[in-house]
């Protein structure tokens, strides 16, 4: 089998090989689709949830009206916020129609808004709240750090202690540097790769999200960091091969998520990542694994679970216990560019890169809470949870894609290998499902994204499954979501 036509299958247990996954067997038996070679297009095999258009429009309008009626205080605060914040906030992903609710308090896996409504949090702050809200060990670490003083303008032991813990977790990382976010970490990793290779182009993938200035969704972004990009299709080695053949000597690095996060929780096939590494290294192209989200897949991240060693790794989100955090690292040779003692000429500033709150919280998180057993259990819980959701979704031509404790619910069913496979999804499916789950006290992203935290219990997962079943049943009973004939 050639590299470009390899059809090894992704298995929900996190392993890869020529065998079929449980869902592949189910889908093949029920709907007649097979895993496709990477150079083939699976669009014709994807089925989309079907809505009654008029009923759906009316239902969306009704959902927005009901939402507004239940949240008068959030409505008032949204009005005030809009006067001083363009769009009403400084985090666009949290926008909700007709306005975002305001949280008054959070603890464990529970959110309480300013109108007194309580939600079980299945969003997990887009993976940053992996430990839940207000974990005692993180609170103690932060308070202890503040008791010793902050904004030092100097070094503390906490900086190298956290660095040691992270280098121990990720074998591909000999040395590491801290930033304030995953966005900064990716910008620094790309800049380092361009410096070390002397090349300028950056290979990225459709649907990739590497931060607010590195977003490669449909249509691109007007706020893109001004690098020279070469865009490829995710999970498509033929696309990568063509890019390397045409631009290889000019490409400094390839930046890839082991599973697309904002792009729909679409896992990379392990043969795709393995051969991407092989092809890029043969062309002198460094490979950056963006593990800002996927590092939760094991104590050593997705790369440990897959047995792969990227050249550079970027981190963020939860590893500092919910505090502002980012990091990038790799081999000592690559990172030597920041070490004047080894001839390095790069400098890396950032007032809050080594702030004592983040450093102390990160030490507590990594040393006390994020051990291998906990993360492995969370991975397994997520796999089982997604399988239960798919039992509810498949009869309506819907599915949850994902890996471990992250998933996205789509209004489509089929072999989804890249974001373009979802082009036919009706956005009203996700909007209605979001509001009907919220009405039942479960909070997810409007785009259907779910991120389990360690604070979410088995009972809460079971409750979510029941709530999803009720939401889907109500949508069909109301004549909005229409099962296809024979389903």
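The values are calculated or read from the model by the stated rules, or taken from the named source; none is laboratory data. All values derive from a computational prediction rather than experimental measurement. Backbone-built Cβ (ideal geometry, glycine too); neighbour counts: all protein chains shown.
Restricted to the range 349-359, and to residues that are more than 15 Å from residue 157 (Cβ to Cβ) and touching a residue at least 12 places away in the same chain (Cβ under 8 Å), which residue is surrounded by the most Cβ atoms within 10 Å (Cβ to Cβ)?
Here the residue is 353.
Restricting to the range 218-256, give me the number of residues that are in a loop (DSSP other than H, G, I, E, B), surrounded by fewer than 14 Cβ atoms within 10 Å (Cβ to Cβ) and touching a residue at least 12 places away in the same chain (Cβ under 8 Å).
Number of matching residues: 1.
Yes/no per residue for (1) surrounded by 17 or more Cβ atoms within 10 Å (Cβ to Cβ); (2) in a loop (DSSP other than H, G, I, E, B):
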residue: 107; (1), (2): no, no
residue: 143; (1), (2): no, no
residue: 159; (1), (2): yes, no
residue: 162; (1), (2): yes, no
residue: 171; (1), (2): no, yes
residue: 185; (1), (2): yes, no
residue: 191; (1), (2): yes, no
residue: 204; (1), (2): yes, no
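List the number of the failed condition for residue 77; all other conditions in (1) in the same structural domain as residue 438 (by TED's automatic domain parsing); (2) exposed (fewer than 15 other Cβ atoms within 10 Å of the Cβ); (3) outside any loop (DSSP other than H, G, I, E, B); (4) more than 27 Å from the chain's Cα centre (by Cα) hold.
(2)
Out of curiosity, is residue 122 surrounded by 15 or more Cβ atoms within 10 Å (Cβ to Cβ), outside the structural domain of residue 379 (by TED's automatic domain parsing), within 30 Å of residue 408 (Cβ to Cβ) and under 28 Å from the mean Cα position of the chain (by Cα)?
Spelling it out, it is not the case that residue 122 is surrounded by 15 or more Cβ atoms within 10 Å (Cβ to Cβ), outside the structural domain of residue 379 (by TED's automatic domain parsing), within 30 Å of residue 408 (Cβ to Cβ) and under 28 Å from the mean Cα position of the chain (by Cα).
For residue 269, which of the numbered conditions (1) at pLDDT 95 or above; (2) touching a strand residue (DSSP E or B) at 6+ places or on another chain (Cβ under 8 Å) fails to hold?
(1)
Residue by residue, here is whether (1) surrounded by 20 or more Cβ atoms within 10 Å (Cβ to Cβ); (2) outside the structural domain of residue 173 (by TED's automatic domain parsing); (3) touching a helix residue (DSSP H, G or I) at 6+ places or on another chain (Cβ under 6 Å); (4) in a helix (DSSP H, G or I) holds:
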position: 303; (1), (2), (3), (4): yes, no, no, yes
position: 309; (1), (2), (3), (4): no, no, no, no
position: 314; (1), (2), (3), (4): yes, no, yes, no
position: 322; (1), (2), (3), (4): yes, no, no, no
position: 328; (1), (2), (3), (4): yes, no, yes, no
position: 333; (1), (2), (3), (4): no, no, no, yes
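Tell me which residues, restricted to the range 411-466, are in a helix (DSSP H, G or I), within 18 Å of residue 260 (Cβ to Cβ) and in contact (Cβ under 8 Å) with a residue 40 or more places away in the chain.
419, 420, 421, 422
Answer yes or no: is there a residue in the range 433-449 that is crowded, with 23+ Cβ neighbours inside 10 Å, modelled with pLDDT of 95 or more and either assigned by TED's automatic domain parsing to the domain that holds residue 166 or within 30 Å of residue 166 (Cα to Cα) (or both).
There is at least one residue in the range 433-449 that is crowded, with 23+ Cβ neighbours inside 10 Å, modelled with pLDDT of 95 or more and either assigned by TED's automatic domain parsing to the domain that holds residue 166 or within 30 Å of residue 166 (Cα to Cα) (or both).
Provide a single number: the residues in the range 269-299 that are buried (at least 20 other Cβ atoms within 10 Å of the Cβ) and either outside any helix (DSSP H, G or I) or at positive phi (or both).
11
Condition check: crowded, with 16+ Cβ neighbours inside 10 Å, over 17 Å from residue 127 (Cα atoms) and touching a strand residue (DSSP E or B) at 6+ places or on another chain (Cβ under 7 Å). Does residue 471 satisfy that?
no
For the range 269-280, give me each residue that is free of Cβ contacts under 8 Å to residues at least 40 places away in the same chain and either within 18 Å of the chain's Cα centre (by Cα) or within 17 Å of residue 173 (Cα to Cα) (or both).
Matches in the range 269-280: 273, 277.
Could you say which residue among 148, 102, 140 is over 21 Å from residue 351 (Cα atoms), modelled with pLDDT of 95 or more and outside the structural domain of residue 438 (by TED's automatic domain parsing)?
Of 148, 102, 140, the one residue that is over 21 Å from residue 351 (Cα atoms), modelled with pLDDT of 95 or more and outside the structural domain of residue 438 (by TED's automatic domain parsing) is 140.
Using the structure shown, decide if residue 383 is without any contact (Cβ under 8 Å) to a residue 24 or more places away in the chain, in the same structural domain as residue 101 (by TED's automatic domain parsing), farther than 27 Å from residue 98 by Cα and out of contact with any helix residue (DSSP H, G or I) (no Cβ under 9 Å at 6 or more places or on another chain).
no
Here are 393, 378: which of them is touching a strand residue (DSSP E or B) at 6+ places or on another chain (Cβ under 9 Å) and surrounded by 19 or more Cβ atoms within 10 Å (Cβ to Cβ)?
Answer to the selection: 393.
Counting only residues that are more than 26 Å from residue 270 (Cβ to Cβ) and in a helix (DSSP H, G or I), how many does the range 387-410 have?
So the count comes out to 3.
Tally up the residues in the range 467-487 that are at positive phi and touching a residue at least 40 places away in the same chain (Cβ under 8 Å), please.
1
Checking residue 344 against (1) over 30 Å from residue 142 (Cα atoms); (2) in contact (Cβ under 8 Å) with a residue 40 or more places away in the chain; (3) part of a loop (DSSP other than H, G, I, E, B): exactly one of these is not met. Which one?
Condition not satisfied by residue 344: (2).
On the given criteria, is residue 295 touching a strand residue (DSSP E or B) at 6+ places or on another chain (Cβ under 6 Å) and without any contact (Cβ under 8 Å) to a residue 12 or more places away in the chain?
When the stated conditions are applied, residue 295 does not pass them.
So is residue 362 surrounded by fewer than 22 Cβ atoms within 10 Å (Cβ to Cβ), touching a helix residue (DSSP H, G or I) at 6+ places or on another chain (Cβ under 8 Å) and assigned by TED's automatic domain parsing to the domain that holds residue 319 or not?
Against the criterion (surrounded by fewer than 22 Cβ atoms within 10 Å (Cβ to Cβ), touching a helix residue (DSSP H, G or I) at 6+ places or on another chain (Cβ under 8 Å) and assigned by TED's automatic domain parsing to the domain that holds residue 319), residue 362 does not qualify.
Taking the stated definitions as given, is residue 249 more than 18 Å from residue 289 (Cβ to Cβ), at pLDDT 95 or above and either in contact with a strand residue (DSSP E or B) (Cβ under 9 Å, 6 or more places away or on another chain) or assigned by TED's automatic domain parsing to the domain that holds residue 362 (or both)?
The answer is yes for residue 249.
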